[in-house]
Amino acid sequence: ARRVLAHAERVINALGANVREAAPCDLADTQVAVRDMIESLLANPDALMWVTRLRNEDTSAGLHGVRVALYMLSLGRHLGLPAEHLMHLGMIGMLADIGKCRLPRALLDKPGMLNPAEYSIVKEHVRMGIEALGGKEALPHEVYRGIAQHHERLDGSGYPKGLVGD
């Protein structure tokens, strides 16, 4: 579990560096990391979760993406979803906030509430992430949709499109 967590964090940090530098993003390593997380969860559902909890004080962006992927995979496993759906969930978790790598660090680290102009900039991370990953055509439809809609809300108060309903 420690090896899997360390590998996933290295992969997402390297991908984040590519996004920041506007370098091409190859998702093959991300897929391998997610596959390893799935295998670890299936072999021992608690081990990876405990290793992640031991690093609870770490708030790095890389570990955040890994944690989100882990929680999504755990829920998917609990629901009995097939491997293909678990792979999509893990990819969404790892990649949903990758666009934040293109935002000004001062904005992400700002204490307190963002003003409306700052919040507008932060909301662009969804579009930036999808573009950095190669756009809609480069991702499986389910992964693209999960990333594109991860801040949407049932009541329409989310972003980027303010979608209503399920």
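The values are calculated or read from the model by the stated rules, or taken from the named source; none is laboratory data. Owing to the predicted nature of the structure, the values given are computational and were not obtained by experimental measurement. Positions of Cβ are generated from backbone atoms using ideal geometry, with glycine treated the same way; all protein chains shown enter the neighbour counts. All accessible areas refer to the heavy atoms of the entire protein, side chains included, with ligands and DNA or RNA removed. Shrake-Rupley method; radii C 1.70, N 1.55, O 1.52, S 1.80 Å.
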Note the angle between two axes, namely the Cα long axis of helix 83-95 and the longest principal axis of the Cα atoms of the chain, as a number of degrees from 0 to 90, rounded to the nearest 10. 40 degrees
Taking K123 as the anchor, which lysines have their alpha carbon closer than 16 Å to its alpha carbon, excluding any fewer than eight residues away along the same chain? K100, K110, K161
Given 22-30, 76-84, the highest-first ranking by average Cβ count within 10 Å works out to 22-30, 76-84
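Translational diffusion coefficient of the chain at 10 °C, 1.306 mPa s, Stokes-Einstein with Kirkwood Rh over Cα pairs, in µm²/s as a whole number.
Numbers: Rh = 16.4 Å.
Here the translational diffusion coefficient equals 97 µm²/s.
Using a 1.4 angstrom probe on heavy atoms only, work out the carbon and sulfur share of the accessible area of the chain in %. List each step's numbers first, then the result.
On the way: 5210 of 9380 Å².
Whole-percent figure for carbon plus sulfur exposure: 56.
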Gaussian network model of the chain, springs between alpha carbon atoms under 10 Å - residue of D36, D97, D109 with greatest fluctuation: D109
In whole Å, what are the extents of segment 1-92 along the principal axes defined by its C-alpha atoms, from largest to smallest? 38, 30, 17
So, for the chain, what is the accessible surface per residue at a probe of 1.4 Å, expressed in square angstrom? 57 Å²
